[in-house]
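Beneath this line is the structure, given in structure tokens, with notes to follow.
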Amino acid sequence: MKRRLPKYKDLRPLMNFKAPEFDAKKRRLQSALTISDLRDIAKRRTPRAAFDYTEGAAEAEISLARARQAFEDIEFTPSILRDVSKVDMTSEVLGGPVAMPFGIAPTGFTRMMQSEGEIAGAGAAAAAGIPFALSTMGTTAIEDVKAVNPNGRNWFQLYMWKDRDRSMALVDRAAAAGFDTLLVTVDVPVAGARLRDKRNGFSIPPQLTAGTVINAIPRPEWWVNFLTTEPLAFASLDRWSGTVGELLDTMFDPTVTFDDLAWIKDQWPGKLVVKGVQNVDDAKRLASMGVDGITLSNHGGRQLDRAPIPFHLLPEVVREVGMDTEVHLDTGIMSGADIVASVALGARFTMIGRAYLYGLMAGGREGVDRTIEILGDQIARTMRLLGVSTLEELTPKHVTQLERLVPRPRA
Ligand SMILES: Cc1cc2nc3c(=O)[nH]c(=O)nc-3n(C[C@H](O)[C@H](O)[C@H](O)COP(=O)(O)O)c2cc1C
């Protein structure tokens, strides 16, 4: 082998020194290439009890694990030699435009995960042109969400009570603030058993015990933010004088039925979506009531454990009710490919819970922006690689569900 000294002109093209990024948060967020990467950052920066409250699910967490497994167990079938120089991820959902086929799911206690809470979520959703859903148990007021997302789509999630005055008080405020859609969550007749929270001795607000103080030492920013911002409160509920435990007991009303749903539907001026549908018969009944949409969801695995996998329900539900009713889906979405697969099997729209909260915990507003950016890039790239340039071109032919978790036919 004959050697020679390298010449500058040979080295030049190899030299690619980037200006260093001095902003630590930007550096951190740019280093995250997937939602799992954001999750790892979030875990390092958030006290354990708050992180586990977010990440955990009910009982043995089988519902959530299976929902994620089902997404992993799909096989895509691409088409070749299509012009995919441009991709269009926009669509119309519940009578309005969305820039991408996902929105931010309603989550309670959001300011506990990171102090910017719903303001970060709604601001990021506004910038990206996707809907933001505020929970009844949200920690930012309906009107404040509207203020950060004044021209975009705001949805309000209702935990319905038999006490119609209380339900109405909330719904009226959301309507007055111009929220266009009501999501009525129906999978919480009682709270699911979140064992991580029990084991962590989790409480709201977090208590300063010896354990939490030690856990706080490597996470100073969270505590500084927590202690120097408005105390946690359910901003949409009128003054609550009891404990949080008592509030939760009244929040979930096990006596609510289809009649109550019909009543609320009559009161609400906008679009109505029922969130937490888990079988075909219920989907049909809701469609016959004339609801605008249903969300196939098991609440991110936080309620019934061993619940049906929403992604598996999708084809049959779409076949039965999809002509009259929009079918949406959540639970387990960790990548843009999960969203593309859901759209291919007929979901009009999807929602992200933890994927959003991991971004929030990793870096507040910019962290949520990063979540949306990662998912958007993954959706666009997956569509291109499948050979489609619009969402309408996605069909069930693009997705095969591999067999591992598919239910056996009933005898
Ligand atoms: C921390 C947390 C709080 C939640 N709070 C609510 C809530 O107040 N109301 C509601 O309808 N759903 C709530 N959900 C469920 C989400 O709206 C959504 O259905 C679920 O997170 C989707 O699953 P994913 O987290 O795997 O995306 C919550 C989920 C999480 C993770």
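The values are calculated or read from the model by the stated rules, or taken from the named source; none is laboratory data. These numbers were taken from a predicted model, which means no experiment stands behind them. Please note: Cβ atoms are built from the backbone with ideal geometry, for glycine as well, and neighbour counts cover all protein chains shown.
A few comments on the model shown:
- Out of Arg166, Arg153, one residue alone is among the basic types (Lys, Arg) and modelled with pLDDT under 95. It is Arg166.
- Under the condition of being out of contact with any helix residue (DSSP H, G or I) (no Cβ under 7 Å at 6 or more places or on another chain) and in a loop (DSSP other than H, G, I, E, B), the residues counted in the range 141-178 number 5.
- Qualifying residue in the range 218-238 (condition: modelled with pLDDT under 95, of a type in the set (Asp, Glu) and touching a Gly at 6+ places or on another chain (Cβ under 8 Å)): no
- Criterion violated by Thr181 - all others in (1) more than 11 Å from the ligand (Cβ to nearest atom); (2) among the hydroxyl-bearing types (Ser, Thr, Tyr); (3) under 30 Å from Thr228 (Cβ atoms) satisfied: (3)
- Filter result for the condition that a residue is within 30 Å of Arg199 (Cβ to Cβ), away from the ligand (no atom under 11 Å from the Cβ) and part of a loop (DSSP other than H, G, I, E, B), over Ala70, Ala60, Ala49: Ala60
- Which listed residue is within 22 Å of Glu393 (Cα to Cα), part of a loop (DSSP other than H, G, I, E, B) and within 14 Å of the ligand (Cβ to nearest atom), from Ala347, Ala307: Ala347
- Test result for Ala176, at pLDDT 95 or above and at negative phi: yes
- Residue within the range 283-306 that is touching a Pro at 6+ places or on another chain (Cβ under 6 Å) and not small (Gly, Ala, Ser) present: yes
- For the range 215-236, the candidate set comprises residues that are part of a helix (DSSP H, G or I) and touching a residue at least 24 places away in the same chain (Cβ under 8 Å); within that set, the residue that is surrounded by the most Cβ atoms within 10 Å (Cβ to Cβ) is Trp222.
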